[in-house]
């Protein structure tokens, strides 16, 4: 019995060194050399010429944050909250205390029979309708249901196309141009099999800001 | 359900079954001590381990010694993980300066990881330091999986050896499972996951700018977002391969940095079942008749596939209450559709249902969608999968030794029907084996139903419920089914971190893991002592479709008779409420 306890102790100590220390450090070394971008959160900087239009940047907010604005514009895999009707909206997020809180991913965990869920969805549908009264289509389900992580970066193609009319009107861009923008941002199933066709909302909105700027430059001032 | 989802599920089975033979063959060589290709790299480490710990690798153990070694080693694991949590404030690698974990939560977590359950009552990143995660939890991920595999191999030795008192050496089985199987597979898999965008770093979290600033619950302006980082990929690889299931982040494999792309999702789902499926071939190889292994795998699939179909269908149909309020849940080329509450767009409803079925068939318990938000029937499938005793794939090793017990039960009942002495693989099944097998089969339902009865009859038990109506009962039943079968998944809204549930569920996990391991090893010891009985005209062949149906039927019968009344009170009523016209 004591012999077994002694062997157990030594074995556990050795396995701790091998699987608890050597293994994670070895994987980290290979990951940092082989795939530095993915290993560090797939962060990206703001693309050139994609400075957001002044109408959609609140200068006061930048001053209220004591630090320098961060170098990164976002992570490829982590969604951001959007509520301005002139942006494409992502999925509702159940994280607290703020939507898309990176440090506290969470789903709503509401059951399909929970009246709170039905009420929440009804409110979201009403909000979409209110911002876009002319659009009478049914609302794509992923646009009004909370994601599992609360950080879902994507919406379905249907959910993006649903919002084109609203965004086009507020941005004064041709719906046709915006449709093309959405289609150029589609991520299709990997080799046609894995996953669903989807749009990365943050990337789409960054491209939308760039497009807005491009279009506004093309407008010829009216002759006096 | 769109075409890509169908193809994804089809391909899942093709690849899974395709990998069974090569990996199963490799593992058989590892356990038989034959050259397996990695000997030159790993052999020296293995021998060093034995030398330092004073293990003689050729020393054989009786079943009692084997059981004592298993229990002492696992018990020590519980104590160490408990102490690490209680003392993490004095230990290094604690950048967030997290304090000691409360005693009840520390007990629950220690038991949870040592027993290969990985029930997570703690809230991920905000409770445990990096030190505790790596040196406590990751280590248990490996050795708890290796323990399950070791017990399976001991049972196989019991079936194949003749007239001997010994069933192998626990230390050797533990070491070889870890070093030759779990560690190399995890290493390769972790690197593949990083290539898909799963994070692996020791740097602190990163700050990014929000494109549109927002306000928090108190009305304060928020302009930045914190991206959580950490050594996630290395833990996720073993969490899936070792059927552990404990996530690096709170929302487990739904988190975009823990499961970043549809491909990473597919591979993780595959990894959940991979070793458990391949062990069937290892079993057949080691007992000298691979058909025996294929038959057990077929029995698993006979149950798994229909359950999967029901779950995918239920989730793809969606929530009728949302259709009433102008929501489009149809599946078409532009959207996955279905019940998307608690699901991620990159996976869609079908791949989420595939995962839910796989993670509860195996005793994995990781999630890529929130089971609490599943439709009633979609949520019934994962719950019932656990209640079947985690023998449809099940935990690595533990699932197959559980199914072998059901096979023994099947030959026994078939033997009664035709009036002959039952035999399995040339070993007579007698009253001692049947008593032990009954323990293995009856203890988990007793824990699940008894625990649920206690919880629903006490105020502290009902206080953790967060959804109204029959779904609230389902939350409690799901928690007990998960802990009582060492799965670890949850209806996530359930408030599990209370002293009452930490103790109740901790006890459930302990009982259902170790009170099964001991009778299984007892059967192994008893079978090893017996002589080989050559098959006669009256022997029931155990590789035929008839036998496959018998075994699957036995699992379903026990599962249905035991749990249908409880399921009727939860998901079945909820389903009727949801579909009733109002």
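Here are the numbers for the structure shown:
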{"item": "Chain lengthening between residue B:430 and residue B:7 when straightened (0.36 nm per residue, less Cα-Cα)", "result": "147.6 nm"}
{"item": "Within chain B, helix-based [θ] at 222 nm, where runs of 4 or more DSSP H residues each add -39,500 (n - 2.57), nearest 500", "result": "-20000 deg cm²/dmol"}
{"item": "Nearest-ten-degree value, helix B:290-317 long axis tilted from longest Cα axis of chain B", "result": "20"}
{"item": "Between helix B:499-529 and chain B: long-axis angle, C-alpha atoms, 0 to 90°, nearest 10", "result": "20"}
{"item": "Residue A:138 paired with residue B:60, simple spin-label distance in nm, labels 7 Å along Cα-to-beta-carbon", "result": "6.8"}
{"item": "Taking B:575, B:543, A:154 and counting other C-beta atoms within 10 Å, the order from fewest to most", "result": "B:543, B:575, A:154"}
{"item": "Listed residues A:111, A:94, A:126, most fluctuating in chain A (Gaussian network, C-alpha, under 10 Å)", "result": "A:111"}
{"item": "Within 10 Å of each Cβ in B:329-338, the average number of Cβ atoms from other chains", "result": "6"}
{"item": "Fewest-first ranking of A:18, A:78, B:441, using other Cβ atoms within 10 Å as the exposure measure", "result": "A:18, B:441, A:78"}
{"item": "Number of partner chain Cβ atoms within 10 Å, mean per residue of B:488-496", "result": "2"}
{"item": "Label zone at residue B:332, where the point sits 7 Å out along the Cα-to-Cβ direction: region A:106-137 residues whose backbone N lies under 17 Å", "result": "A:135-137"}
{"item": "Residues B:176, B:162, B:86, B:346 arranged by fewest to most Cβ contacts within 10 Å", "result": "B:162, B:86, B:176, B:346"}
{"item": "Distribution of pairwise C-alpha distances over region A:77-218, 10 Å bins, in %", "result": "12, 40, 35, 12, 1, 0"}
{"item": "R0 of 60 Å, Cβ-Cβ distance residue B:160-residue B:94: FRET efficiency to nearest 0.05", "result": "0.80"}
{"item": "Model label zone, residue B:568; criterion: amide N under 19 Å from point 7 Å along Cα-to-beta-carbon; scope region B:447-474", "result": "B:449-450, B:452-453, B:470-474"}
{"item": "Prolate/oblate/rounded call for region B:1-142, Cα gyration tensor, a/c under 1.5 rounded", "result": "oblate"}
{"item": "Using a Förster distance of 56 Å, the FRET efficiency for residue A:116-residue B:420 (Cβ separation, nearest 0.05)", "result": "0.40"}
{"item": "Residue B:561 paired with residue A:184, simple spin-label distance in nm, labels 7 Å along Cα-to-beta-carbon", "result": "6.7"}
{"item": "Residues in region A:75-92 reached by a label modelled at residue A:127 [backbone nitrogen below 15 Å; 7 Å Cα→Cβ]", "result": "A:80-92"}
{"item": "Residue with peak Gaussian network fluctuation, chain A [Cα springs, cutoff 10 Å], from A:122, A:171, A:91", "result": "A:122"}
{"item": "Shape call, region B:405-446: gyration tensor on alpha carbons, a/c limit 1.5", "result": "prolate"}
{"item": "Ratio Rg/Rh [Cα only; Rh per Kirkwood] for the protein assembly as shown", "result": "1.00"}
{"item": "Relative contact order computed over chain A (Cα-Cα under 8 Å; 6+ residues apart), in percent", "result": "20"}
{"item": "Angle in degrees between helix B:139-160 and the longest Cα principal axis of chain B, rounded to the nearest 10", "result": "30"}
{"item": "Fraction of the pair-distance distribution of region B:483-527 above 15 Å, Cα-Cα pairs, percent", "result": "54"}
{"item": "Residue B:45/residue A:96 FRET efficiency (R0 45 Å; Cβ-Cβ; nearest 0.05)", "result": "0.45"}
{"item": "Relative contact order, percent, chain B [alpha-carbon distance under 8 Å, six or more residues apart]", "result": "19"}
{"item": "Shielding score for B:146-154, defined as the mean number of other chain Cβ atoms within 10 Å", "result": "0"}
{"item": "Rg/Rg_globular for chain B, with Rg_globular taken as 2.2 N^0.38 Å and Rg from C-alpha atoms", "result": "0.95"}
{"item": "Projected label distance in nm at residue B:15 and residue A:172, using a 7 Å step from Cα toward the beta-carbon", "result": "5.0"}
{"item": "Highest-MSF residue in chain A out of A:140, A:97, A:81 [GNM, Cα springs under 10 Å]", "result": "A:97"}
{"item": "Shape of region B:479-582, Cα gyration tensor, a/c cut at 1.5", "result": "oblate"}
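Read-outs: derived from the displayed coordinates by stated rules, not from any lab. Everything numeric here is computed off the predicted structure, so don't read it as measured data. For neighbour counting, all protein chains shown are included, and Cβ atoms are generated from backbone atoms with ideal geometry for every residue, glycine included.
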